[in-house]
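Take a look at the structure set out below.
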Amino acid sequence: MKIIYAAGAALLLAACQPMPVQQSQEGAQFGVRVQDANAPGARIQYDQVVILDKARQNSQNGKIAVEAQGGRRSPTGTLNVMVQLRNRTDFPQTLEARAHFFDSGFAPIEKPSAWSRIPMEANGIASFQESSLGSNTVAHYYVEIREAR
């Protein structure tokens, strides 16, 4: 008889246990950094040009190369960014580029520029230029290059 009471009490206690709480997928979530085995320390490199398409960025058989890049102040104080690109193929290509501008604390202070088309002749060079809208508060830039869409 005691065994029946003990079994009944155990069932009653098990029924009274709170259900495990499942976390909801709604609302804000923590940001997660995506790890890339090919670039384990990849971070935004300010005052640089990045080629977004992997087929175009390989240093041995890539299709384009960044020959030169830099920024300088205009007479009105805006930051003007200039990039020179080389087509490393025997056929014409069309690329697109845009610039981001940041303050001295690396905070974005403008929306990215619109994508600009860059036609490139076979084995030729081409350039991209963009100026910031703001003046004295712009301290850094970041330029993205991709295949035209």
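We did not get these values from a lab; they are worked out from the coordinates using the rules stated. Here the structure is a predicted model, which means the values were calculated and not measured. Note that each Cβ is placed from the backbone with ideal geometry, even for glycine, and that neighbours are counted across all protein chains shown.
Observations on the model:
- Contacts under 7 angstrom Cβ, first residue in the stretch 68-80 being under 14 Å from residue 102 (Cα atoms), partner among the charged types (D, E, K, R) and outside any strand (DSSP E or B), 6 or more apart: 71/47
- Remark: pairs (first residue in the stretch 121-140, farther than 17 Å from residue 100 by Cβ; second residue surrounded by fewer than 13 Cβ atoms within 10 Å (Cβ to Cβ) and not basic (Lys, Arg); Cβ separation under 6 Å; 6+ apart in sequence or on different chains) = 121/92; 122/90; 122/91; 122/92; 136/77.
- In the stretch 132-149, the residue that is surrounded by the fewest Cβ atoms within 10 Å (Cβ to Cβ) out of those that are of a type outside the set (Phe, Trp, Tyr) and closer than 19 Å to residue 66 by Cβ is 148.
- Residues satisfying the criterion are present in the stretch 96-107 (criterion: among the acidic types (Asp, Glu), touching a strand residue (DSSP E or B) at 6+ places or on another chain (Cβ under 7 Å), closer than 26 Å to residue 63 by Cα and surrounded by 13 or more Cβ atoms within 10 Å (Cβ to Cβ)).
- If only residues of the stretch 88-115 that are among the polar types (S, T, N, Q) and in contact with a Lys or Arg (Cβ under 7 Å, 6 or more places away or on another chain) are counted, the one that is farthest from residue 66 (Cα to Cα) is 113.
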